[in-house]
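Below: one structure, written as structure tokens.
No lab work stands behind these numbers, since they all come straight from the coordinates. Keep in mind that this is a model prediction, so the values were computed, not measured. Cβ sites come from the backbone with ideal geometry, for glycine too, and all protein chains shown count toward neighbours.
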Amino acid sequence: MTNSRRKGKRIELQASKELMKILGCEARRSQQYCGEAGDADLITDIPRTHFEVKGVERLNIYKAIEQAESDKKYHDVPVVLHKKNGKQFLLTCYLEDIGDLVEIIHDYITSKEA
């Protein structure tokens, strides 16, 4: 496995752990289970979301969100989780999707509490 592939795996594992800790969701790397091109980097039990994960020092965020947009299923909200070395994860989505994302997460958390 090349160094960049190891780094990608490590960043995806970190992102899945952070999502599980913060939202209490199930999250795993898609590559663990025969991920293919076009699959999200993280598979979660949060409906209608498509998570791409990037761990680079100089991220072209527009390219990353466009990848998430082109790879997502029709009704999914594209989301990019990204971080630099030694920094916290940031979450990027289109501003027009923020209402849908907040509603999806609220409904998800509320359903878990019921």
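Annotations
- When peptides 67-80, 90-103 are ranked by their average number of other Cβ atoms within 10 Å per residue, the highest-first order is 67-80, 90-103.
- Under 18 Å from LYS9, Cα to Cα: lysines that are on another chain or at least 8 residues apart: LYS17, LYS54, LYS83, LYS84, LYS87
- Using alpha-carbon coordinates, inclination of helix 61-71 to the longest axis of the chain, degrees: 60 degrees
- A simple spin-label model places the labels of GLU26 and SER70 3.1 nm from each other, with each point 7 Å out along Cα-to-Cβ.
- Computed over the chain, the per-residue total of -39500 (n - 2.57) for DSSP H runs of n ≥ 4 gives a 222 nm mean residue ellipticity of -14000 deg cm²/dmol, rounded to 500.
- One quarter of the surface of the convex hull around the alpha-carbon atoms of the chain equals 7.4 nm², the direction-averaged projected area.
- Spin-label pair TYR94-ASP39: with each label point 7 Å from Cα along the Cα-Cβ axis, the two points sit 2.5 nm from one another.
- Comparing ARG48, ARG28, ARG58 in a Gaussian network model of the chain where C-alpha atoms under 10 Å apart are linked, the largest mean-square fluctuation is found at ARG58.
- Of the residues VAL80, PRO47, GLY99, the one whose Cα sits farthest towards the positive end of the charge dipole of the range 44-100 is VAL80 (charges of +1 on Lys and Arg Cβ, -1 on Asp and Glu Cβ, taken about the Cα centre).
- Simple spin-label estimate for ILE61 and THR110 gives 2.9 nm between the two label positions (7 Å along the Cα-to-Cβ direction from each Cα).
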